[in-house]
Each structure stands twice: as structure tokens, then as C-alpha cells.
Amino acid sequence: MSLVIKNLTKQYDKQKTGLSDYSVTIEKGILGLLGPNGAGKSTLMKIIATISKPTQGTVFLDGEDIVNNPDYIRRILGYLPQDFGVYPNLNAYEFLEYIAALKGVGGAGLRQRIEMLLEGVNLTADAKRPIGTYSGGMKQRIGIAQALLNDPKILIFDEPTVGLDPEERVRFRQLISDLADDCIIILSSHIVSDIETIADEVAIMKNGRLLDKAIQPEIISHADGKVFETLIDSGDLNVIKAKHLIINTTRQKDKTKVRYIIKNQEPEPSSIPATATLEDAYLFLTQNA
Amino acid sequence: MKYIYNIIKADYLQRTRSYAFLITLAVTIYVAYSFVPPPTANYTTLTMPGYKGVYNSAWVGYVSAMMTTVMLSMWGFFLVNSGIKKDIDTEVGLIVATTRITNLGYLLSKFLSNFLVLLTIMGFTFVVSIAMFFLRASGSPHILSDFVVPYLLFALPALFFISSLAIATEVFLRDKLILQCIAFIFLFGFILGGLHGMPNSNSAVIMDVFGVKTLTGSISDQINTQYHAEVKDISMGFIFNHHKKAYKTVVWNGVSWTNVFLLSRLVWIFLGFAVVYISSLFFHRFDFKHATRNRKKKAEFGELATEVVYKESATINLSKLPKLLPDYGIIPFIKTELLLLIRRRSKWLWFIIAAVWVGMIFAPMDIAYGILLPVIWFLQVTRWSELATKEKTNQLHYFTYSSYKPLQRMLPAQILAGLITAVVLALPIIVRCAIALNGYAVFNIFSGAVFIVLLAVCLGIISNGKKLYEILFFMITYLLTQKGDIVDYLGAVPHNNHALYICIILGLNLLLAVTSFTVRNYQARHL
């Protein structure tokens with residue numbers, strides 16, 4: 001199974017471009033999308049989820065043009081949007097039955113499947129309560145359950161870990177990893193560690209363009225030899241800021257530990273080289289783009 | 001005061017920058033056009049038995065101003081009565097509640113924003129009324145003050161007071177739209193009806209928020225002087241009359257203002273401020289019972305959830321889940337849509353609906369068909385207005401638009417669910433008409449049900465909101481109970497040409513359906 005995106009452009013108006021001549025091929029496994037706000041991650045996901053039409057370009061799933069034939073992908077699509085909502089007066093069973101109807105699936109096994117999914121996202125005990133009374137994290141979990149309702153082969157998760165507590169995030173990552181053997185999973189997140197833990201490949205985007213798409217070591221290699229750490233007086237921070245790209249700072253009494261990426265200059269005296277991470281590479285690529 | 005100005009500005013821009021407002025303006029222009037009917041029209045806006053006013057500057061200006069005052073006060077209330085609710089829905093209210101703004105300051109800014117919205121609409125009717133003078137009047141000189149003064153003295157204070165009422169109903173009745181409607185209609189009817197039988201006295205002038213008594217009194221005085229008659233019965237509003245009668249013409253040159261009348265206008269402006277001030281003493285500041293109740297539920301629920309979340313590490317193995325079969329039917333949708341319709345709003349409304357439903361069984365047919373049926377359907381206004389908008393409101397449209405063939409399954413299910421409720425509510429009349437072998441009426445009720453549901457769906461889809469339909473439905477129902485044949489969508493008013501009437505309604509239904517499906521088809525692929 002492969003999803004081939006060719007020269008995709010989405011122009012909202014004269015000033016606003018969602019995607020610009022974007023091409024990528026996505027195979028089975030997990031593709032993590034990283035990019036700052038406005039990079040075009042959600043736009044790309046909406047186009048693949050068939051709820052937004054590109055201004056130009058094509059999207060082919062196994063050779064079938066899904067821009068012109070959206071129902072081809074909809075039958076095997078699981079989609080968790082960033083800002084989805086629920087009908088607050090329905091309980092979890094009713095809501096998932098409704099989503100099943102939307103996805104065009106049913107049959108004798110539906111009730112059992114819903115129960116198993118609710119158990120999988122730990123909502124069984126609360127399944128008969130109106131969803132309007134759920135917390136943010138619980139709503140997010142019902143969103144995950146709905147995405148898996150129709151035995152999807154393409155899963156699109158837009159910021160799926162928002163609202164989940166740390167333990168739920170760990171469980172979600174595990175779940176995604178388990179699903180990746182059979183599906184194409186496209187996942188966007190602002191939390192680089194989420195992508196770092198589970199994505200087979202990473203695509204870094206900025207201003208609607210694809211900066212790079214590769215397996216993690218290749219992406220990280222962009223920042224190899226450019227990441228340093230040093231301990232400085234807090235007052236000297238602005239000097240380093242002016243010369244280098246700061247990754248993070250940690251206060252240690254009157255000193256500050258700084259992790260930074262060199263641009264075109266030599267590292268600060270007394271700096272020690274650090275092993276580059278995905279976050280370093282991401283910041284390096286997006287800042288230099 | 002600077003922050004109040006900024007809130008008013010933001011609120012005003014937010015309300016007016018919408019398709020719904022543009023459509024409202026378009027409807028306003030049409031309605032303002034109808035305030036000055038041509039001589040051949042089958043309705044009047046100022047009715048004097050046996051007499052008709054000459055269309056001079058004063059007549060067109062004053063009648064337009066008065067019609068604007070009464071009509072805009074009535075439906076304008078529904079246009080502006082959700083300013084606070086919007087802040088609750090968008091949770092901007094929670095931010096407002098944490099700022100230094102006082103309750104009075106916040107409500108005052110909402111109130112003035114309401115007033116500005118109504119003033120904008122009034123501005124359009126003012127311009128149309130001048131255009132109507134040049135269109136309808138022939139030979140009379142145009143006197144600008146005949147337009148400016150009545151708008152200033154009749155419309156402005158009335159709209160000011162109505163804006164404050166919208167605030168008060170939102171504060172005291174919160175999000176209970178139907179209850180707000182009933183309370184306002186009751187109050188509106190009480191003000192207009194109470195004045196009707198009152199003699200022309202100073203107290204009547206002061207109590208007359210719209211100034212109707214002053215205007216009709218002046219006109220009746222003119223008739224009585226000109227024709228030595230004793231005319232008292234002058235009515236405002238759209239009154240439909242199919243029987244053309246002979247009439248005498250009256251030349252009327254406007255109202256002679258009295259100090260009492262001018263004082264009354266100031267009194268109503270002051271009362272507007274007073275209503276806002278009193279409301280501010282009871283304003284929930286976005287910490288109302290409903291929120292507290294929900295928080296309680298969430299708190300209880302949160303504890304429960306914490307208990308189960310980490311108890312065991314359940315997993316999902318897709319290959320072990322029961323396999324599902326393709327099912328592209330729309331029955332599950334209809335079931336859910338009906339559930340959502342039934343669970344919408346509070347239970348007390350069902351008691352009122354049940355009472356009207358039983359009333360339709362026993363009431364005389366003309367009342368049951370001509371008044372109770374439009375009313376019982378109107379009581380569904382908040383349900384039907386959500387038929388095609390609730391996905392967007394609840395941010396569920398991502399799911400519905402990316403589902404399998406949403407246009408062929410989802411939208412028909414929503415329409416059918418609305419239709420089922422309409423037909424069930426109309427059953428007493430349908431059965432009575434069927435027993436009387438009145439197939440024409442039965443057909444009209446069915447096509448009327450289709451029309452009013454499709455109108456909800458179509459306006460919801462086009463305007464992306466509920467307000468337009470709610471206001472329009474209110475106006476249609478009001479005019480229908482006044483026997484206005486132009487809005488008779490369910491055959492409650494006699495028509496000369498049955499075949500033509502049926503064709504028009506069916507044509508409108510077709511137009512609404514095609515528009516709904518076309519626009520939704522576009523929306524589903526252009527998020």
C-alpha cells in the first residue's frame with residue numbers, strides 16, 4: 001500500500017498558502033510530521049482525509065486518485081482531527097454507533113467491537129455517561145477509538161496526544177506502534193519526543209514546503225557536529241543568543257547551562273560537543289530554511 | 001470607558017461580519033419595501049376602515065418609521081438576544097470573567113452593541129423609505145424632516161429599550177431560547193394589546209414604548225376632522241384583506257409633538273439603562289448553575305476515571321476485533337438524529353408541546369390548523385435550526401465530511417428526522433383532515449413540513465448559523481397567524497388557485513433541496 005502525493009498546492013487566498021508544490025510518497029509504517037505552526041501539516045492531513053481539495057496536484061492511493069474519488073479512501077480511513085468535537089448528549093456507545101454509521105460499517109459484531117475499543121482506551125466504566133461530561137483527555141480517547149472503528153488501513157492523527165496525561169501518552173504511543181505493521185499512519189505533533197519515539201520516518205515542513213523526509217538517523221545527521229553545551233553566567237546568555245541557535249537553557253543557581261547549535265561560527269570556548277537529537281535537527285532545519 | 005468602546009466595537013464587528021447578517025439586511029430591504037404597499041396590494045400596514053392615506057412625505061416617512069419601530073423591535077430582539085450566549089459558547093466569557101471589567105460595564109457594552117446592530121438595520125430601512133417615497137408618491141414635495149424626525153423619536157428609543165430587554169432575558173433566562181421567545185412575545189403582545197383599548201391620555205402616551213398611540217391618534221384626529229367621523233380603530237402591522245372595499249383618501253401631514261410624548265421617549269431611554277443596571281446585579285458572570293452542575297458531574301466523573309485509567313494496561317489489537325460488515329444504510333443516522341432532536345433542550349418544553357398537541361385535537365379546525373399547527377412547529381425552532389449546523393457547532397464536521405458518501409446518507413437522514421418530528425406533531429390535524437376527506441389539506445401539511453425543514457437545513461448550510469432561520473421562522477409564524485397568505489407554507493390560508501399554490505411550494509422545496517445539497521457538497525470538500 002502506498003500513498004503518492006505529487007506537486008500538491010493549496011492556496012487559501014492570495015496571501016495565504018497552505019501547501020506549496022509538495023511531493024512525498026508514504027509507505028506502510030509511521031510517518032511523523034514536524035513543523036512550526038502554519039507549516040501546512042493540518043492542511044496536508046485534511047487533503048489526505050478528503051475534506052479539503054488541493055488547488056493543484058494529485059494524491060494517489062494504490063494508483064487510485066482520491067482527490068477525484070474520495071470514497072475510495074474513506075472506507076479505510078481513520079482520522080483524528082486536531083479540534084474535533086462530540087455530540088454532548090450522546091453516550092460513548094451511541095456516539096461510536098453513530099460514527100460506525102458514518103463510516104458505513106455495521107453488522108452483528110459492531111457492539112462487541114465498540115466494547116473492545118472502549119476497553120482499549122479505558123472508557124468502559126464511563127461509556128454510558130453523556131460525552132458532554134467527559135474531561136479533555138477522555139474526549140481525546142473517544143476520538144482515538146472512533147478512528148479505529150472501521151478497521152482502517154490509513155490512519156491520520158493530527159496532534160493526537162493533546163490533552164492526554166503522561167501515562168496515556170505512553171499507552172497511545174504503544175498502540176500506534178502496534179498498529180503500524182498493517183497500516184499507513186500519518187502523525188503530526190508539536191511534541192518532538194512523541195514523534196521521536198514512534199515514527200519510522202519523519203517529514204519536516206515549513207511554510208507549506210517539505211524540508212526533508214527521511215528515517216530519523218538521516219534527519220538527525222543534519223545537526224551532527226553542530227550541537228554544543230556550555231555552562232555560562234546567566235548575564236552572558238544574550239551574547240550566545242546573538243551568535244547561535246539556542247535549543248534550551250537550564251538554570252543552575254547563578255549559572256545557566258545552554259545547549260545550542262552553531263550557525264556559521266566557532267563554538268563558544270569551554271563548550272563540549274553533544275549528541276544531536278531529532279529536536280536539534282528539527283530546529284536546525286526549520287531555522288535555516 | 002476605552003475598554004467598553006473596544007468591546008462594543010469587537011462585538012459589533014463580530015456580529016455584522018457574517019453572511020447571516022448580510023442576508024438579514026437583504027430581507028430587511030425587502031420588508032422595508034413592503035412597508036409602503038402599492039394601491040393594488042392585498043394587505044395594508046396601517047389599517048383605517050374605509051380610509052386610505054395619501055402617499056405624501058409625512059405618510060411615507062411616519063408609516064415607514066412606525067413599521068420599522070414595531071417590526072424591528074419584534075424580530076430584532078431575536079437577532080440580538082444571543083450576545084452573552086456567544087461568549088458562553090466560545091468560552092470567551094471565561095476570559096471576560098477573569099478581567100477587571102464590571103458586570104455593568106460588560107452588560108452595557110453588550111447592550112450598546114445590540115443597539116448598534118439594530119441601528120444599522122434601521123439605517124437601511126430609513127434609506128429604503130426615502131426611495132419608496134420617490135417610487136410611490138406622485139407630486140408631493142419631499143420633506144426630509146418627515147423621515148428623520150419619526151425615525152429619531154419613534155424608532156430610536158424603542159430599539160434602545162428592546163436592546164436592553166435582550167440583555168435582561170439573557171441574564172434571567174440564560175440559554176433558554178424558547179422561554180425567551182415566549183416571554184418576549186408575551187411582553188410585546190401585552191404592550192401593544194394593552195394600549196389598544198386605552199383612551200388617548202398622557203399616561204397612555206408615556207406607557208407607549210413604540211409611540212403607536214401617538215401616531216394612530218394623530219391620524220384618527222385628522223380623519224375625524226376631515227370627514228366629521230368617529231374613527232378610533234386604527235391598526236399597525238401587516239393586515240391581509242382580500243376583499244377590496246371603497247375608501248376615502250386622507251391627507252395627513254404628520255404628528256404635532258407634545259411635551260408629554262417627548263418626555264416619554266426620554267423615559268424609555270432611561271428605562272433601557274435601568275433594565276441593564278438591574279440585570280447587572282443578577283448577572284452570573286459566567287459562573288451559573290449549569291456550569292456548576294457540569295463541573296460537579298465532571299468532578300465525580302474525574303475521580304471515577306482516575307480510578308480506572310491506570311488499573312490495567314488494556315491494549316487494542318485490531319486483528320482480534322470482531323470484523324464488521326459494510327452497512328451504507330441511513331437508518332442509524334435517522335435514529336441518532338431523532339435522539340439528538342429529542343434530547344435537545346429541557347423537558348418542560350415537551351409539556352408545552354404536549355398541551356398544544358392535545359389542543360389541536362379539540363380546537364376548532366381554523367384555530368388548530370391556522371394557529372396551533374404553526375405554533376407547535378415554531379416551538380421546534382431551536383431543534384430544526386440545528387439540523388444542519390450542529391456538526392459545525394460541535395466540531396464534528398471533520399468526521400461527517402470525511403465519512404463514506406456523506407451527501408447521499410447524512411443530509412437526507414437529517415432532513416428525514418426533521419420531517420418525522422414535523423409530521424408527528426401535525427398528526428392531529430392530518431388525521432382530522434383525512435377523516436374530513438380533505439386530501440388537499442393533508443397534502444399541503446406534508447409539503448409544508450418538507451418546506452419548513454428544508455428551509456432550516458438550507459439556511460443553516462448557507463449561513464453556517466441558526467439565527468437567520470430562527471428569525472425568519474418567527475416572522476413567518478407571526479405573519480401566518482395574521483393570515484398572511486404570502487407566508488402560508490402549509491395551506492392554512494385559503495388560496496384562489498390551488499394548483500398554482502401547490503406548484504409554488506413544491507418549486508420552493510425543490511429549490512431549497514438543490515441549494516442545500518449543492519452548497520453542502522462544496523463545503524464537504526473545502527474545509
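The values are calculated or read from the model by the stated rules, or taken from the named source; none is laboratory data. Just so we're clear, the structure is a prediction, and the values are computed from it rather than from any experiment. Because the Cβ atoms are built from the backbone with ideal geometry, glycine has one as well, and the counts that use them run over all protein chains shown.
For every residue, the table says whether it meets (1) in contact with a strand residue (DSSP E or B) (Cβ under 7 Å, 6 or more places away or on another chain); (2) at pLDDT 90 or above; (3) over 24 Å from residue B:408 (Cβ atoms); (4) not aromatic (Phe, Trp, Tyr).
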{"position": "A:49", "(1), (2), (3), (4)": "yes, yes, no, yes"}
{"position": "A:54", "(1), (2), (3), (4)": "yes, yes, no, yes"}
{"position": "A:58", "(1), (2), (3), (4)": "yes, yes, yes, yes"}
{"position": "A:67", "(1), (2), (3), (4)": "yes, yes, no, yes"}
{"position": "A:75", "(1), (2), (3), (4)": "no, no, no, yes"}
{"position": "A:84", "(1), (2), (3), (4)": "no, no, no, no"}
{"position": "A:93", "(1), (2), (3), (4)": "no, yes, yes, no"}
{"position": "A:102", "(1), (2), (3), (4)": "no, no, no, yes"}
{"position": "A:105", "(1), (2), (3), (4)": "yes, no, no, yes"}
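Any residue at all in region B:69-83 that is in a helix (DSSP H, G or I), in contact with a Phe, Trp or Tyr (Cβ under 6 Å, 6 or more places away or on another chain) and over 30 Å from residue B:457 (Cβ atoms)?
yes
This table checks each residue for (1) closer than 16 Å to residue A:136 by Cα; (2) at the interface with chain B (Cβ under 7 Å from one of its Cβ atoms).
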residue: A:66; (1), (2): no, no
residue: A:79; (1), (2): no, yes
residue: A:91; (1), (2): yes, no
residue: A:107; (1), (2): no, yes
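The rows are residues; the columns are (1) part of a loop (DSSP other than H, G, I, E, B); (2) under 17 Å from residue B:68 (Cα atoms); (3) touching a Phe, Trp or Tyr at 6+ places or on another chain (Cβ under 7 Å); (4) in contact (Cβ under 8 Å) with a residue 60 or more places away in the chain.
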residue: B:186; (1), (2), (3), (4): no, no, no, no
residue: B:190; (1), (2), (3), (4): no, no, no, no
residue: B:194; (1), (2), (3), (4): no, no, no, no
residue: B:238; (1), (2), (3), (4): no, yes, yes, yes
residue: B:249; (1), (2), (3), (4): no, no, no, yes
residue: B:254; (1), (2), (3), (4): yes, yes, yes, yes
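Filter region B:122-147 down to residues that are part of a helix (DSSP H, G or I) and more than 13 Å from residue B:35 (Cβ to Cβ), then give me how many there are.
Counting residues in region B:122-147 that are part of a helix (DSSP H, G or I) and more than 13 Å from residue B:35 (Cβ to Cβ) gives 4.
Kindly indicate the residue of region B:319-364 that is of a type in the set (Ser, Thr, Tyr) and facing another protein chain (nearest Cβ under 10 Å) and also surrounded by the fewest Cβ atoms within 10 Å (Cβ to Cβ) among those meeting that condition.
B:319
Can you pull out the residues in region A:152-180 that are free of Cβ contacts under 8 Å to residues at least 60 places away in the same chain and assigned to a loop (DSSP other than H, G, I, E, B)?
A:161, A:163, A:164, A:165
Each row is one residue, and each column tells you yes or no for (1) farther than 24 Å from residue A:131 by Cβ; (2) buried (at least 20 other Cβ atoms within 10 Å of the Cβ); (3) of a type in the set (Ser, Thr, Tyr); (4) touching a strand residue (DSSP E or B) at 6+ places or on another chain (Cβ under 9 Å).
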{"position": "B:366", "(1), (2), (3), (4)": "yes, no, no, no"}
{"position": "B:398", "(1), (2), (3), (4)": "no, yes, yes, yes"}
{"position": "B:431", "(1), (2), (3), (4)": "yes, no, no, no"}
{"position": "B:450", "(1), (2), (3), (4)": "yes, yes, no, no"}
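Which residues, counting only those in region A:36-63, are on the phi < 0 side of the Ramachandran plot, among the small types (Gly, Ala, Ser) and within 16 Å of the chain's Cα centre (by Cα)?
A:39, A:42, A:49
Please enumerate the residues belonging to region A:6-25 that are part of a strand (DSSP E or B), more than 14 Å from chain B (Cβ to nearest Cβ) and surrounded by fewer than 22 Cβ atoms within 10 Å (Cβ to Cβ).
Once the filter is applied, which keeps residues that are part of a strand (DSSP E or B), more than 14 Å from chain B (Cβ to nearest Cβ) and surrounded by fewer than 22 Cβ atoms within 10 Å (Cβ to Cβ), region A:6-25 yields A:6, A:7, A:9, A:17, A:20, A:21, A:23, A:24, A:25.
Having 3 or more residues that are touching a helix residue (DSSP H, G or I) at 6+ places or on another chain (Cβ under 7 Å) and within 17 Å of residue A:147 (Cβ to Cβ) is the bar; report the helices (runs of 4 or more DSSP H) wholly within region A:28-105 that clear it.
A:92-103
Select from region B:242-284 the residues that are within 22 Å of residue B:60 (Cα to Cα), surrounded by 13 or more Cβ atoms within 10 Å (Cβ to Cβ) and of a type in the set (Val, Ile, Thr) and write down the one among them that is farthest from the chain's Cα centre (by Cα).
Ranking the candidates gives B:250 first.
What number of residues within region B:462-476 are more than 11 Å from residue B:75 (Cβ to Cβ), over 8 Å from the mean Cα position of the chain (by Cα) and in a helix (DSSP H, G or I)?
2
Identify, please: which residue in region B:219-239 is farther than 25 Å from residue B:475 by Cβ and among the hydrophobic types (A, V, I, L, M, F, W, C) and is, among those, surrounded by the most Cβ atoms within 10 Å (Cβ to Cβ)?
This residue is B:219.
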